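Here the structure comes first, spelled out in structure tokens, and everything after it is commentary.
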Amino acid sequence: MEKKYLTTSPAQTRTLAKKISEYFFKKLSSNQSFVICLKGDLGGGKTTFLQGFAKGLGIKEKITSPTFVIAKRFNIYSLIKNKREFKNFYHFDCYRIGNPKEILNLDYIKIISNPRNIIAIEWPEKIKSMLPKNIVLIKFKFIDKKKREIVIKFKDAR
Ligand code: ADP
Ligand code: MG
């Protein structure tokens, strides 16, 4: 399934993202991993989207574009679904990754295998061979200075 949105400001992108995170959380089944992948050009709105997404998960800190850090962890407070308590939100920005194997140095496998984690990956194409099967794929397209097209694809959408 695929859904297409058009936003005309960063605030609108954040609001959309907040709704999307709440929606996915509601739909999540008990053992399913929660990995979203964000593709699209620099300045497309991936990080802006994640700011709203994180807000929907109750995260207070602001998500920023990492310059050198590739993975950042955020605390999740009291987000519980079917007795499964989510503890961490991980933001991976793979822009600077050369070889997909580099991601393994960051405890990547352990992180994506932990059912208490929610994971967002910018530039997933840089670690294509390392992506799990069930992901939510979100594509960002720069239309003009303020407009972004955001396409959300559900399930196994590599
Ligand atoms: P990316 O992570 O994809 O490189 P960012 O979210 O870091 O992109 O940057 C997006 C830039 O575009 C920000 O400077 C933001 O203010 C601007 N912008 C303008 N319009 C929008 C919009 N509709 N949605 C998201 N960002 C927008
Ligand atoms: Mg970014």
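The table below lists the values:
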read-out	value
Per residue value of the accessible surface for the chain (all protein chains in place, 1.4 Å probe), Å²	55
Per-q log10 I(q)/I(0), the range 1-63, q = 0.21 Å⁻¹ (Debye; single scatterer per alpha-carbon; no solvent)	-0.91
Extension gain from K3 to L28, taking 0.36 nm per residue of separation minus the Cα-Cα distance	7.2 nm
Separation of alpha-carbon centers, the range 1-54 and the range 58-100, rounded to whole Å	13
Magnitude of the charge dipole, the range 2-156, Cβ model with Lys/Arg +1 and Asp/Glu -1, debye to 20	420
Separation of the L42 and E149 label points, Cα + 7 Å toward Cβ, nm	2.3
Equivalent ellipsoid semi-axes, the range 80-158, via Cα gyration tensor eigenvalues times 5, rooted, Å	23, 19, 12
Additional length obtainable on full extension of the chain from I80 to S129, 0.36 nm per residue less Cα span	14.6 nm
Zero-based 5 Å bins, Cα pair distances in the range 2-156, whole percents	2, 9, 20, 24, 22, 15, 7, 1, 0
Fraction of antiparallel bridges per DSSP, the chain only, in percent to nearest 5	55
Nearest-10 value in Å² for the accessible area of R148, using the 1.4 Å probe	40
Point-to-point label distance, K19-E61, nm (Cα→Cβ direction, 7 Å offset)	2.9
Per-residue SASA entry for K4, accessible area with 1.4 Å probe, Å² rounded to 10	140
Solvent-accessible area, 1.4 Å probe, carbon plus sulfur percent, for the chain	52
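The values are calculated or read from the model by the stated rules, or taken from the named source; none is laboratory data. Just so we're clear, the structure is a prediction, and the values are computed from it rather than from any experiment. Virtual Cβ from ideal backbone geometry, glycine too; neighbours counted across all protein chains shown. Side chains are part of the model used for accessible areas, which takes the heavy atoms of the whole protein and leaves out ligands, DNA and RNA. Shrake-Rupley method; radii C 1.70, N 1.55, O 1.52, S 1.80 Å.
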